[in-house]
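Input: a single structure, listed below in structure tokens.
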Amino acid sequence: MDVGDHAAEAGHVPVMLGRVLELLAPAVQVTGRAPVYLDATLGLGGHAEAMLEAHPGLRLVGLDRDPTALERSARRLARFGDRVRLEHAVYDELPAVLDRIGLPGVDAALFDLGVSSPQLDEAERGFAYSYDAPLDMRMDRTQSLTAAEVVNTYPPAELARILREYGEERFAQRIAAAIVRERAKEPLESTRRLADLVRTSIPAATRRTGGNPAKRTFQALRIEVNGELDIWRRALPAALGALPVGGRIVVLSYHSLEDRITKRVLAAEAADTTPPGLPVPLPEHRPRFRLLTRGAELPSGEETTTNPRAGSVRLRAAERLREAT
């Protein structure tokens, strides 16, 4: 491990760690066999390390689409030996991964969504508007689509749609038009040039509030490049389907689009679907899951002070009550 890797891992603070451990513990303590914990967004392995330490009989299946993250977490978790199984996979590939490694399901699952610390900290990845870097934003650098390709080749209407839907950017049309004008002169290749273009595209009064005006555009491009919302719509039901009765899932979301999907899917699974007008609930229509949180839980003020990246997180959790019929 080089000095940079060691420093990154030493400074990595897992978000809402205590609450994640508290919520998942019941699912891995009562199985009567070696329980399996799925960390579907392994990153630097902070949550996984804490779970393995807290539960000596626990086995880990760790997924990440970023080979660099897998290499780093493999070093961090090496001391746990054959209790650890790491897979280079996007989290909507969970059913295929479980089938490949011969597991019928998992007892507890964590999804820590969004961009991982090393991706943000490494300027050359192009995720951050605070560094000048190539417009990349690929979580998995083995894929072909980059942010530069999006901004330089997408039609104006498609660019505006992405900014509006994925960035919730009310000046999407203006920014898209500015991008099209600028790329006609010279392709947009750097994060700084794009960030400056966004800033000059929106009204001056708007620039003075709400942080860096490029934040929403960069979020939108990242979601498009990595297919994040479509993947999450597939991944969450797949993960719920992999849990046995008593199994639990925790989701950490960092923007409202992810959190809305999580809220909607979990609410549907926790609903009684007995047709209205019947005198008693039908057993086959009883809720399949129960919600473990009242709405979305937020980090403590102390945590957001010591770990700024926890500032936007929203936590939701659920437990399986019965098998699907």
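The values are calculated or read from the model by the stated rules, or taken from the named source; none is laboratory data. Values in this document were obtained by computation on a predicted structure and should not be read as measured data. Here Cβ is always computed from backbone atoms with ideal geometry, including for glycine, and neighbour counts include all displayed protein chains. Please note that ligands, DNA and RNA were not included when accessible areas were found on the heavy atoms of the full protein model with its side chains. Shrake-Rupley method; radii C 1.70, N 1.55, O 1.52, S 1.80 Å.
Miscellaneous remarks
- Residue in segment 181-192 that is nearest to N152 (Cα to Cα), counting only those that are assigned to a helix (DSSP H, G or I) and in contact (Cβ under 8 Å) with a residue 12 or more places away in the chain: R183
- Flag if R216 is in a helix (DSSP H, G or I) and surrounded by fewer than 17 Cβ atoms within 10 Å (Cβ to Cβ): no
- Subset of segment 23-47 [modelled with pLDDT of 90 or more and polar (S, T, N, Q)]: T41
- Residue in segment 268-279 that is farther than 24 Å from V13 by Cα, open to solvent by less than 80 Å² (accessible area, probe 1.4 Å) and of a type in the set (D, E, K, R) present: yes
- Looking across A8, A50, one residue alone is part of a helix (DSSP H, G or I), touching a helix residue (DSSP H, G or I) at 6+ places or on another chain (Cβ under 8 Å) and modelled with pLDDT of 95 or more. It is A50.
- Selected residue (only one of E303, E297 is surrounded by fewer than 19 Cβ atoms within 10 Å (Cβ to Cβ) and either among the small types (G, A, S) or more than 29 Å from V97 (Cα to Cα) (or both)): E297
- Restricted to segment 233-325, the set of strands (runs of 3 or more DSSP E) holding at least 1 residues that are polar (S, T, N, Q) comprises 248-253.
Let's see how each residue does on (1) among the acidic types (D, E); (2) at pLDDT 95 or above; (3) within 12 Å of V198 (Cα to Cα):
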| residue | (1), (2), (3) |
| --- | --- |
| R138 | no, no, no |
| T142 | no, no, no |
| P156 | no, yes, no |
| L159 | no, yes, no |
| E165 | yes, yes, no |
| I175 | no, yes, yes |
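- Flag if R264 is under 18 Å from R234 (Cα atoms), loosely packed, with under 14 Cβ neighbours inside 10 Å and out of contact with any Phe, Trp or Tyr (no Cβ under 6 Å at 6 or more places or on another chain): yes
- Hey, L229 out of contact with any strand residue (DSSP E or B) (no Cβ under 8 Å at 6 or more places or on another chain) and open to solvent by less than 20 Å² (accessible area, probe 1.4 Å) or not: yes
- Residue in segment 106-121 that is modelled with pLDDT of 95 or more, of a type outside the set (F, W, Y), within 26 Å of P308 (Cα to Cα) and open to solvent by 40 Å² or more (accessible area, probe 1.4 Å) present: no
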